[in-house]
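Asks: Submitted below is the structure of interest, expressed as structure tokens.
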Amino acid sequence: MSSIVAPVAPDQAPLLARPYYANGAPGPIAGTMAHVPELLDVAMPFIGAALGPGAVSARLKEIAVLRASALLECDYCVRSHTVVALDEGLVHAEVRALRDSGPAEDAFTVDRERALVAWVDELATGRGAVDPVVEARMAEHFAAAEIVELTLVTTTTMMLNRYCTALGLPVSATVAERLSAEGLA
Amino acid sequence: MSADTDPGALGRLGSRLWFYSNYHCNLQCSYCLTESAPGVARRQLTADQIRDAARDGRELGFDSFGITGGEPFLHDELIEIVADLAAQAPTLILSNATVFTPARLRRMEAWAGLPVEIQISLDHPEPDVNDEMRGPGNFRKVVEAIPRLIDLGIGVRIATTLEDPENADPDEMDRLCALHRSLGVPDSHHVVRPIIHRGRAVGNTLGRDVVFDDFEPELTLTADGAFATPFGPTVRGGRLDTDLLVTRATAPLSVPVAALMRAAGEAPAGDDARTGIR
């Protein structure tokens, strides 16, 4: 699929976008957002804060990110975060289950991870209020702050899923090579 | 004190707020930053956009306005816009001075008593050399227009753009200065500046390379967004340069002002600028 918007080239990086070009061309998300630097300027720090290191573990965050991306069928996000999920210690069976549009809970043995998968499934595919059963399981295993953080991780991912899919962003060659090597292309 | 009321709130930003009123032009100069020409897209700011930004600009501490292009006088409402702006603060228009028809000059009588100045491009004392860069008949129209503008009470400034100002021929400069003095423009109103290696000058291998730190930050509004300097919204090969873009949003004006202040805060002080381009 071709991209409807090309990333801003390094020699054209607007003033507020330049920190993202300090080491050359950034990834396609920052590179395309650079067309509107005042949005890049607030969006990337927010995305970084939501998806980056936080109070909940990186493993939990990647479960949420990969599952939401699979359910919203974002090729860019699924492939990119498959690599991140593997780096955070998820095993192939867990990754495959999260990437599959079918039930994923059974791939996980820890109750709170199973509750999180159910929570993300509700957020990514549901409409209106969350199923009370799913809500109760989430409340049983996570504190309020954790629920907020994981919900923001999931919904921020959903925003990016649609952004990356709509703009047809391509994954890097490095990601593609890693996925091939892992048998997860 | 809030940014809305503090006259010093602009910090290191230049206190003149610039507008690219339009991008089209009746000329096609070899070093034009914006590749302006008769057939290019106009990309005009509307009169309301300019008036609203000027009003906000005054509240934010800007003390003068500048209008450039393209040829600003090709904007249908330019004369009315300038009257509104100059009623609020001194207003400078950059023009090629080749479109001052008797009818337009009569309309400009409405500026009587207002602090309006027009900066006119004149590059060489010899008509044929001047017109090489700027087009046939340019020299004659300019020298005819200047006395007429002065008669209307409009301040006239001359801008001379050269490939290598530091090594300009002294005799040529003497003759150019004698010419502008004879037309009623004093030395204090004559600026000599280098060709910038942007826009059409790139294809013609003219001018010197510049970066953000070379300029005094001066907020410049265009139809494509807000830029850090009037030298920013250049066009090359039909594509807008964005390396000096500040924000796509131009209203409310506080958005690009705050963004430019942030960007400028990381740059050397304006009086340290290397080429002193103004």
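The values are calculated or read from the model by the stated rules, or taken from the named source; none is laboratory data. All figures in this text were calculated on a predicted structure; none of them were measured in a lab. Cβ atoms come from the backbone with ideal geometry, glycine included; neighbour counts cover every protein chain shown. Quick note on the areas: whole protein, heavy atoms, side chains included, nothing else; ligands and nucleic acids left out. Shrake-Rupley method; radii C 1.70, N 1.55, O 1.52, S 1.80 Å.
Asks: Select from region B:180-202 the residues that are touching a Cys at 6+ places or on another chain (Cβ under 9 Å), part of a helix (DSSP H, G or I) and either β-branched (Val, Ile, Thr) or crowded, with 16+ Cβ neighbours inside 10 Å (or both) and list them in ascending order.
Replies: B:200, B:201
Asks: While we're looking at this one, here's another question. Name, by its number, the condition in (1) within 17 Å of the chain's Cα centre (by Cα); (2) within 14 Å of chain B (Cβ to nearest Cβ) that does not hold for residue A:54.
Replies: Residue A:54 satisfies every listed condition except (2).
Asks: Would you mention how many residues in region A:11-29 are within 14 Å of chain B (Cβ to nearest Cβ) and surrounded by 18 or more Cβ atoms within 10 Å (Cβ to Cβ)?
Replies: So the count comes out to 8.
Asks: Something else: Taking region B:222-237 as the region of interest, how many residues are within 11 Å of chain A (Cβ to nearest Cβ), in contact (Cβ under 8 Å) with a residue 24 or more places away in the chain and assigned to a strand (DSSP E or B)?
Replies: Summing the residues that are within 11 Å of chain A (Cβ to nearest Cβ), in contact (Cβ under 8 Å) with a residue 24 or more places away in the chain and assigned to a strand (DSSP E or B) in region B:222-237 gives 3.
Asks: Moving on. Suppose we keep only residues that are in a loop (DSSP other than H, G, I, E, B) and touching a helix residue (DSSP H, G or I) at 6+ places or on another chain (Cβ under 8 Å) within region A:16-54. Which one would you say is nearest to residue B:226 (Cα to Cα)?
Replies: A:34
Asks: Take the residues of region B:38-63 that are touching a helix residue (DSSP H, G or I) at 6+ places or on another chain (Cβ under 9 Å) and of a type in the set (A, V, I, L, M, F, W, C): which is nearest to residue B:195 (Cα to Cα)?
Replies: So, considering only residues that are touching a helix residue (DSSP H, G or I) at 6+ places or on another chain (Cβ under 9 Å) and of a type in the set (A, V, I, L, M, F, W, C), the one nearest to residue B:195 (Cα to Cα) is B:45.
Asks: Filter region B:61-77 down to the residues that are within 24 Å of residue B:257 (Cα to Cα) and buried (at least 22 other Cβ atoms within 10 Å of the Cβ) and list them by number.
Replies: B:62, B:65, B:66, B:67, B:68, B:69, B:70, B:72
Asks: Residue A:42 versus (1) free of Cβ contacts under 8 Å to residues at least 24 places away in the same chain; (2) more than 11 Å from chain B (Cβ to nearest Cβ); (3) open to solvent by 20 Å² or more (accessible area, probe 1.4 Å): which is the lone unmet condition?
Replies: Every condition holds for residue A:42 apart from (2).
Asks: Then there's this: Tell me which residues, restricted to region B:203-221, are more than 13 Å from every other protein chain (Cβ to nearest Cβ), assigned to a strand (DSSP E or B) and either within 21 Å of residue B:50 (Cα to Cα) or among the acidic types (Asp, Glu) (or both).
Replies: Within region B:203-221, the first condition is being more than 13 Å from every other protein chain (Cβ to nearest Cβ), and the residues that meet it are B:203-208, B:210, B:214, B:216, B:218, B:221.
Still in the running and assigned to a strand (DSSP E or B): B:208, B:221.
Within region B:203-221, just B:221 meets the criteria.
Asks: From the list A:75, A:87, A:41, pick out the single residue that is of a type in the set (Asp, Glu) and not assigned by TED's automatic domain parsing to the domain that holds residue A:145.
Replies: Result: A:41 is the single residue among A:75, A:87, A:41 that is of a type in the set (Asp, Glu) and not assigned by TED's automatic domain parsing to the domain that holds residue A:145.
Asks: Hey, another quick one. Do any helices (runs of 4 or more DSSP H) lying entirely in region B:83-179 carry at least 3 residues that are more than 23 Å from residue B:18 (Cα to Cα) and under 20 Å from the mean Cα position of the chain (by Cα), and which ones are they?
Replies: Correct list: B:127-134, B:138-151.
Asks: Would you check if there is a residue in region A:65-76 being in a helix (DSSP H, G or I), open to solvent by 70 Å² or more (accessible area, probe 1.4 Å) and within 14 Å of another protein chain (Cβ to nearest Cβ)?
Replies: Of all residues in region A:65-76, those in a helix (DSSP H, G or I) come to A:65-71, A:75-76.
Filter once more, so that each one left must be open to solvent by 70 Å² or more (accessible area, probe 1.4 Å): A:75.
Adding the requirement that they be within 14 Å of another protein chain (Cβ to nearest Cβ) leaves none.
The answer is no; no qualifying residue exists.
Asks: If residue A:57 satisfies all but one of (1) touching a Pro at 6+ places or on another chain (Cβ under 7 Å); (2) at pLDDT 95 or above, what's the number of the condition it fails?
Replies: (1)
Asks: Return the only residue of B:94, B:105, B:149, B:122 being under 17 Å from residue B:27 (Cα atoms), at pLDDT 95 or above and not β-branched (Val, Ile, Thr). Even if it seems obvious, please write down each step before you answer.
Replies: Working: B:105 fails: under 17 Å from residue B:27 (Cα atoms); B:149 fails: under 17 Å from residue B:27 (Cα atoms); B:122 fails: at pLDDT 95 or above.
Among B:94, B:105, B:149, B:122, only B:94 is under 17 Å from residue B:27 (Cα atoms), at pLDDT 95 or above and not β-branched (Val, Ile, Thr).
Asks: Here's another thing I want to ask about it. Out of the residues in region B:8-39 that are in contact with a Phe, Trp or Tyr (Cβ under 8 Å, 6 or more places away or on another chain) and among the hydroxyl-bearing types (Ser, Thr, Tyr), state the one that is most open to solvent (accessible area, probe 1.4 Å).
Replies: B:15
Asks: Mind listing whichever residues of region B:238-253 are more than 7 Å from chain A (Cβ to nearest Cβ) and under 19 Å from residue B:42 (Cβ atoms)?
Replies: Scanning region B:238-253 gives B:238, B:239, B:240, B:250.
Asks: Condition first: open to solvent by 50 Å² or more (accessible area, probe 1.4 Å) and in contact (Cβ under 8 Å) with a residue 40 or more places away in the chain. Now tell me which residues in region A:77-93 satisfy that.
Replies: Answer for region A:77-93, where residues must be open to solvent by 50 Å² or more (accessible area, probe 1.4 Å) and in contact (Cβ under 8 Å) with a residue 40 or more places away in the chain: A:79, A:92.
Asks: Next question, about the same structure. For region B:175-210, which positions are of a type in the set (Lys, Arg) and under 15 Å from residue B:235 (Cα atoms)?
Replies: Those that are of a type in the set (Lys, Arg) and under 15 Å from residue B:235 (Cα atoms): B:198, B:200.
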